[in-house]
Structures are given as structure tokens and as C-alpha cells.
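The values are calculated or read from the model by the stated rules, or taken from the named source; none is laboratory data. Computed from a predicted model, the values in this text were never measured in an experiment. FYI the Cβ positions are ideal-geometry reconstructions off the backbone, even for glycines, and counts take in every protein chain you see.
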Amino acid sequence: MWEDYANLFIKSIFIENMVFAYFLGMCSYLAISKTLKNGVGMGLAVIFVLTITVPLNYLIYDYLLVDGALSWIGPEYAELDLSFLSLIMFIAVIASMVQLVEMIVEKFSPALYGSLGIFLPLIAVNCAILGGSLFMQIKDFSGISEAAVYGFGSGVGWFLAIVAIAAIREKIAYSNVPAPLKGLGITFIITGLMALGFMSFMGIKL
Amino acid sequence: MKKENIKKPSFLFIGRNSAEGIFSKKNKKLLSDPLDDNNPITVQVLGICSALAITVQLKPAVVMTASVIFVMACSNVIISILRNLIPNRIRIIVFLVVISSLVALVDQFLKAYAYDVSKELSIFIGLIVTNCIVMGRLEAFALGNGVWKSFLDGIGNAIGYGVILILVAFFRELLGSGNLWGMQVVPDFLYESWYVNNGLMLLSPMALITVGVIIWIQRSFNKKLIEKG
């Protein structure tokens, strides 16, 4: 039981890393990784939102949208399959959750809001968040706790990636990079090399 | 009394006080700019997630490009029509609703008529919703410009995105599996003598490195794109 969760957690961090294996959330990954401080803030915000939205979307998908999910209302609803609505539902949940989280954080923890605040609106359009929910739909988890572990693990994986690249970019500012490759170009190539490194986790069976 | 200075909405396809033709120089620039000087991927850094993941083969890349062209053109037009009615505070949610309904349309269409490709693209069609190109152009352009211009801007940016996508997919499929569009193009006698496919090109890290090299080449020709510092 606990082993399964641990396996899923490790798998979602390293083997199925959002950035290096699926390229999700690349836009904010490239845009906000110029300094380590911003990278950490954005990474924490992603962990936070993924851990909340993936289980929430799991509940919505499992009890409202999937084929035959509505049978708890009455037998005449058992035929309904609303899964074509999943995309719109997921994105609506994410957008409203982000707004809600922003308000709650602002009310109860101004210090946290100061460091996370500016990143929260960016999260609604971070593909890693929607990607987490869509993968959850494909993977067919057996319970809400599994979905929560998956969401948290994916968030941690994304956090690791952005912190690593931000630290490298801070260092590389002092290196002699060819002018046309400066900035974006070299970041792409470094990310490629890092992804190559992460591929060594791929053969691991858990 | 203060003279009212409210901008009149121009719902028509061409702004009411613009005497310019449908394909004036300015409008042509909207189409051609995103191809090089203002390319969404290599310069604006938008929409990278999907660009990298589905470029192993040419076919999914072309399907993806077509879907993005459709979604961008339609969403730009819709938001441009509604731009004076959308309250500023909830605009992101309005954008998301418009985009996600269009994407759901594309998704269902592909499932019905091109099931193999839609299986291959898996969640990446869904991820057009959060593709920052669509959002970015809605926010930066369609919210402040007329319908026809927004339409051109949408098409132009989607094509700029598609050009990079197809370029990357072309090299990855050619070098990685010796095929183009699923058909073998590297002749058999080469394989028999010395040639071996570079399997590394099929793996995800090479997509990043290929885009990095494309950026490098583009910036060494187009010097004004080079980043300072």
C-alpha cells in the first residue's frame, strides 16, 4: 500500500518528469528561470496548485463526467457519458482554483503572498497544471489519494527542474557564450542535456 | 461639459476610419512578421511545450499545426468581436472558455476522422488550451485590434509556430528513422553499406537541442534578435 504510493511518487518526480520527459510548462520554465529566487517561488506555486487541482479534478471526472459516472443519481442516468466535457471542466476548475488560492493566501499569509503572489496568475496558463489533470484522466487512478500523490510528485519534479536550470543560468551569465546563442538558445541546449541526464532514470522499474 | 472621447467600437471587418485595403502593407506585415522577426517560438518564447513533444514525426506535427491555425484564427476573431463587452477582470476566464470550446471541437473532430493521429497526439491537442501562443496573442493583440487584423495576426502567428514545428519534425524524422511522412526516403543501399539511423534523434532531449540550434542559426543571420548581456 505505502510502497505503491512511494513508487508513484518517485516515478512522477524522476521517470515521468513534467519538464524533461513531457515538456510541460516549458514557457514559464524558460521565462521565469533567470534568477534562482524567482525560480523557487514559481516552483513552489506549481507544487501547491498541482497538489490541489489534480485530486479535485479526479473527483469531478470520476463522479460526474466519466462513462456511467452519474449512476449515483438514478439508474436512468447510468447511460450518460460526459467525458467530452472534461477539458472545459478541468480548465475552469484550474482557473477558479488559482483565483481562490490567490485570495486565501492574500488573506491569511501576506508574507507567502508576497513571494508567491505574482506567480499565481501565471499558473492558470501553465501547461504542467492542465497536463497533470489530463494525465490523471489517462492513467485511470484507483483512488483520490493516488491522484493527490501523483499531483504532488509532478509538482516536485517541476520544482526540481526549474531550480536546477535557474541555478545554471545564474552561473552561465559569467561564461563566454557565442552571441547568437546567448539567452534562449543556450538555455534550450542545456535543458536538452539535462533531459538526457534524466533519461538514465527511464529504465528503472519500481 | 467634457467632450466625450469614447472609442467607437468597430465591429466591422475593417476599422471604420481606416482607408486601407484588405491587403495593405501593414496587414501583410501582420502575416509575415511572425515568420522571422517576431516568431512565436524562437523570439516570443510562446507555445514551446507542445512544439517539442510532438515533433518525432512529420504527420502529427502537420496535424498539430492545422489545429493551432484553426483555433488561433477562430479565437482571435471571437475575442476581437467581443473585446468591448468583456469586463477586464474576468478576461482570462473568458479567453479560456472560448479557447477550450474550440479545442474540444478540434479534439472531437480528430477522434472522429483521424483516430490514429489523435491517439498519437494524446493529451497534446488538449494542451492547446494552455498553449501560451493562443493566450498571448489574445491578450496582446486581439483585445485591442479589429476583427480582420486579429484574424491575420492569428493566422500569421500560427503559421510561424507551424514552420518551426515542421522544421524540427522534418529533421528528427529524417535523421532519426530515415523516413518522411512515414515513408522511407533513405535508400536501402546506404543502409547496406554504412549508414545507421541516429536513434537519439527520436528521444525527447534532441527536440530541445534541435530548437536550440535553429535559434542559433536564425540569430546568426538576423543580428537584431541577439540578446544583450
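Among the residues of region B:136-148, which ones are in contact with a helix residue (DSSP H, G or I) (Cβ under 6 Å, 6 or more places away or on another chain) and in a helix (DSSP H, G or I)? Give the steps one after another, and end with the answer.
Residues of region B:136-148 in contact with a helix residue (DSSP H, G or I) (Cβ under 6 Å, 6 or more places away or on another chain): B:137-138, B:141-142, B:147.
Hits for region B:136-148 are B:137, B:138, B:142, B:147.
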* To do: Name, by its number, the condition in (1) in a helix (DSSP H, G or I); (2) among the polar types (S, T, N, Q); (3) more than 14 Å from chain A (Cβ to nearest Cβ) that does not hold for residue B:67.
  => (3)
* Pairs, first more than 7 Å from chain A (Cβ to nearest Cβ) in region B:205-229, second of a type in the set (Lys, Arg), C-beta under 6 Å, six or more apart -> B:225/B:219
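In region B:165-176, is there at least one residue being touching a residue at least 24 places away in the same chain (Cβ under 8 Å) and in contact with an Asp or Glu (Cβ under 9 Å, 6 or more places away or on another chain)? Don't jump to the end; show me each part of the working.
Filtering region B:165-176 down to residues touching a residue at least 24 places away in the same chain (Cβ under 8 Å) leaves B:165-173, B:175-176.
Next, from what is left, pick out any that are in contact with an Asp or Glu (Cβ under 9 Å, 6 or more places away or on another chain): none.
Within region B:165-176, none of the residues are touching a residue at least 24 places away in the same chain (Cβ under 8 Å) and in contact with an Asp or Glu (Cβ under 9 Å, 6 or more places away or on another chain).
Name the single residue that is farthest from the other protein chains (Cβ to nearest Cβ) among those in region A:165-193 being under 11 Å from residue A:20 (Cβ atoms) and surrounded by 19 or more Cβ atoms within 10 Å (Cβ to Cβ).
Restricting attention to region A:165-193, the residues satisfying the condition of being under 11 Å from residue A:20 (Cβ atoms) are A:165, A:191-193.
Adding the requirement that they be surrounded by 19 or more Cβ atoms within 10 Å (Cβ to Cβ) leaves A:165, A:191-192.
Details: A:165: 11, A:191: 5, A:192: 3 Å.
For region A:165-193, the residue satisfying everything is A:165.
If I filter region B:185-192 for residues that are surrounded by 15 or more Cβ atoms within 10 Å (Cβ to Cβ) and either acidic (Asp, Glu) or modelled with pLDDT of 80 or more (or both), do I get at least one hit?
The initial filter retains those residues of region B:185-192 that are surrounded by 15 or more Cβ atoms within 10 Å (Cβ to Cβ), namely B:186.
Restricting the remaining residues to those that are either acidic (Asp, Glu) or modelled with pLDDT of 80 or more (or both) gives B:186.
Yes, region B:185-192 has at least one match.
Report whether or not residue B:164 is modelled with pLDDT under 85 and either assigned to a loop (DSSP other than H, G, I, E, B) or surrounded by 21 or more Cβ atoms within 10 Å (Cβ to Cβ) (or both). Explain how you work it out, then say what you get.
On the way: modelled with pLDDT under 85: no; either assigned to a loop (DSSP other than H, G, I, E, B) or surrounded by 21 or more Cβ atoms within 10 Å (Cβ to Cβ) (or both): yes.
No.
Residue-by-condition table, conditions (1) among the β-branched types (Val, Ile, Thr); (2) surrounded by fewer than 16 Cβ atoms within 10 Å (Cβ to Cβ); (3) assigned to a helix (DSSP H, G or I):
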residue: B:111; (1), (2), (3): no, yes, yes
residue: B:130; (1), (2), (3): yes, no, no
residue: B:156; (1), (2), (3): no, no, yes
residue: B:169; (1), (2), (3): no, no, yes
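Considering each of A:7, A:57 in turn, give the residue that is touching a residue at least 12 places away in the same chain (Cβ under 8 Å), closer than 18 Å to residue A:149 by Cα and touching a Leu at 6+ places or on another chain (Cβ under 7 Å). Spell out the reasoning first.
Details: A:57 fails: touching a Leu at 6+ places or on another chain (Cβ under 7 Å).
Just a single option satisfies the conditions, and that option is A:7.
Out of curiosity, is residue B:103 more than 11 Å from every other protein chain (Cβ to nearest Cβ), buried (at least 21 other Cβ atoms within 10 Å of the Cβ) and modelled with pLDDT of 85 or more? Working first, answer last.
On the way: more than 11 Å from every other protein chain (Cβ to nearest Cβ): no; buried (at least 21 other Cβ atoms within 10 Å of the Cβ): yes; modelled with pLDDT of 85 or more: yes.
The answer is no for residue B:103.
I'm checking my understanding of the structure. Among residues of region B:190-204 that are free of Cβ contacts under 8 Å to residues at least 60 places away in the same chain and in contact with a helix residue (DSSP H, G or I) (Cβ under 8 Å, 6 or more places away or on another chain), which one is nearest to the other protein chains (Cβ to nearest Cβ)?
Restricting to residues being free of Cβ contacts under 8 Å to residues at least 60 places away in the same chain and in contact with a helix residue (DSSP H, G or I) (Cβ under 8 Å, 6 or more places away or on another chain), the top hit is B:203.
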* To do: For residue B:116, work out the one condition from (1) more than 14 Å from chain A (Cβ to nearest Cβ); (2) within 12 Å of the chain's Cα centre (by Cα); (3) charged (D, E, K, R) it doesn't fulfil.
  => (2)
* Which one of these does residue B:48 not meet: (1) within 13 Å of chain A (Cβ to nearest Cβ); (2) without any contact (Cβ under 8 Å) to a residue 24 or more places away in the chain; (3) not charged (D, E, K, R)? -> (2)
* Asked: So which residues in region A:24-58 are hydrophobic (A, V, I, L, M, F, W, C), closer than 18 Å to residue A:191 by Cβ and out of contact with any Phe, Trp or Tyr (no Cβ under 9 Å at 6 or more places or on another chain)?
  -> A:26, A:27, A:31, A:36
* Asked: Mind checking which residues of region A:92-113 are of a type outside the set (S, T, N, Q) and farther than 13 Å from residue A:49 by Cβ?
  -> A:92, A:103, A:106, A:107, A:108, A:110, A:111, A:112, A:113
* **Residue among B:81, B:92 that alone is part of a helix (DSSP H, G or I), facing chain A (nearest Cβ under 9 Å) and farther than 21 Å from residue B:51 by Cα** => B:92
* Matching residues, region A:155-206, being of a type in the set (Ser, Thr, Tyr) and closer than 21 Å to residue A:24 by Cβ -> A:187, A:191, A:200
* Asked: Is one or more of the residues making up region A:136-152 among the acidic types (Asp, Glu), more than 30 Å from residue A:67 (Cβ to Cβ), out of contact with any Lys or Arg (no Cβ under 7 Å at 6 or more places or on another chain) and away from chain B (no Cβ under 11 Å)?
  -> no
* Within region B:70-82, tally of residues that are in contact (Cβ under 8 Å) with a residue 24 or more places away in the chain, surrounded by fewer than 20 Cβ atoms within 10 Å (Cβ to Cβ) and over 17 Å from the mean Cα position of the chain (by Cα) -> 1
* Structure fact -> region A:12-131: helices (runs of 4 or more DSSP H) wholly inside it with 1 or more residues that are away from every other protein chain (no Cβ under 14 Å) and surrounded by fewer than 19 Cβ atoms within 10 Å (Cβ to Cβ) are A:36-60, A:86-108, A:110-116
